[in-house]
Each structure stands twice: as structure tokens, then as C-alpha cells.
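Colleague: Here's a structure for you.
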């Protein structure tokens, strides 16, 4: 496995290990409190593995993993699963507002993350950032609706893989726009006959 492939797998592990541990523990025990222990343990392992392999932790996975530890720990300490259920609301709202604040101070937060791969005009970066900000705020509102009106089991499946699926679909919907602006050196050479 190449070093680049190894980095991609580590990033996936860091991003999803805690959620997979949470879902698996819930499926086995059908208990939110026990599943929260799985989330906390998965968050610790994911952050440790990410740091051990990459010698750094990217800010977004650190923020999300740290939030998992804080909200999961608080949920366990206070014996209140509602604390864990508001985590996606708070995290998605923070990301959405962070994107909007970045725009307000004339920065394009997505450009900092994706800028090396795309050569887009400022107006397109702005539109993409607004789209993602509204998407994350919408996810926060949807999380509130689901956890307040549905069973624990429904919320767990909404949390993972539901939110991940919604994010992938939303990102794929932006692929035609992004493909217009892929930097030429990023594209593979055309096949020769």
C-alpha cells in the first residue's frame, strides 16, 4: 500500500471509527449509555491512531473527535443521552457558522481546504461556501427534529450512517460545478492509443 493510500485509510479511520464503534455497541446492547462508552473509546482510539500515523491531527477531525469526547463524557457523567444527541446540532451549527464568519471577514474557509485542487473564481468559492454553510445548519436543524421526535434506534441510524449519506449526496451534487475548476495538473493524462 502506498503512503498516500495509507494516509487516506487513516483519515477514514479517524473520521468514522468513533461512529462505527457507537453504532456497533448500540446494535449489540440496544442501550444508549453503553453505546456512548463505545463512542468515547472509539474517539480516543481514532485520535491516537491519527496522531501516531500522521504525527499530527487535522483541525476538523480533532474538533469533531474532541466534541465526541466532551459530549460523550458529559452524557456518561450526567447519565443523560440528550447531551450526546445535541452534539451533531452543535457541531454542524458551529461548522456552518464558521464558514459564514469566514466569508464575513473576506476569507473562503473551503478554499483553505480545497484550494490546491481547484482554481475557481472568488464568486464560485463564495457560492460553494454559502451552500455548505446552509447545508450544515440544515443538518443541525434536522438532527433536532429527529432526536426530539423519533426513537433512540431511529436517531442512532440517522446519526450514522444517515448524516454521512446526506453529506456524500450533497457533495456529489456539487461535483459538476467542481469539475469545471479542477486544476489541469490534477487531471490524469489522456490515454494514448
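Colleague: Is it fair to say residue 124 is within 20 Å of residue 26 (Cα to Cα) and more than 20 Å from the chain's Cα centre (by Cα)? First the steps, then the outcome.
Modeller: Working: within 20 Å of residue 26 (Cα to Cα): no; more than 20 Å from the chain's Cα centre (by Cα): yes.
No; evaluated as a whole, the condition is false for this residue.
Colleague: Consider residue 91 carefully, then state whether it is in contact with a helix residue (DSSP H, G or I) (Cβ under 9 Å, 6 or more places away or on another chain), within 19 Å of residue 165 (Cα to Cα) and either outside any helix (DSSP H, G or I) or not assigned by TED's automatic domain parsing to the domain that holds residue 127 (or both). Outline the logic, then answer.
Modeller: Details: in contact with a helix residue (DSSP H, G or I) (Cβ under 9 Å, 6 or more places away or on another chain): yes; within 19 Å of residue 165 (Cα to Cα): yes; either outside any helix (DSSP H, G or I) or not assigned by TED's automatic domain parsing to the domain that holds residue 127 (or both): no.
So residue 91 fails the test.
Colleague: Of the residues in the range 28-49, how many are without any contact (Cβ under 8 Å) to a residue 40 or more places away in the chain and assigned to a helix (DSSP H, G or I)? Break it down stepwise before answering.
Modeller: Step one: filter the range 28-49 for residues without any contact (Cβ under 8 Å) to a residue 40 or more places away in the chain, giving 28-29, 31, 34, 37-38, 40-49.
When the remaining residues are screened for being assigned to a helix (DSSP H, G or I), the result is 28-29, 34, 37-38, 40-49.
Going through the range 28-49 one residue at a time, the tally reaches 15.
The values are calculated or read from the model by the stated rules, or taken from the named source; none is laboratory data. Small disclaimer: the values here were computed from a predicted structure and weren't measured. Heads up, the Cβs are rebuilt from the backbone with ideal geometry, glycines too, and the neighbour counts pull from every protein chain shown.
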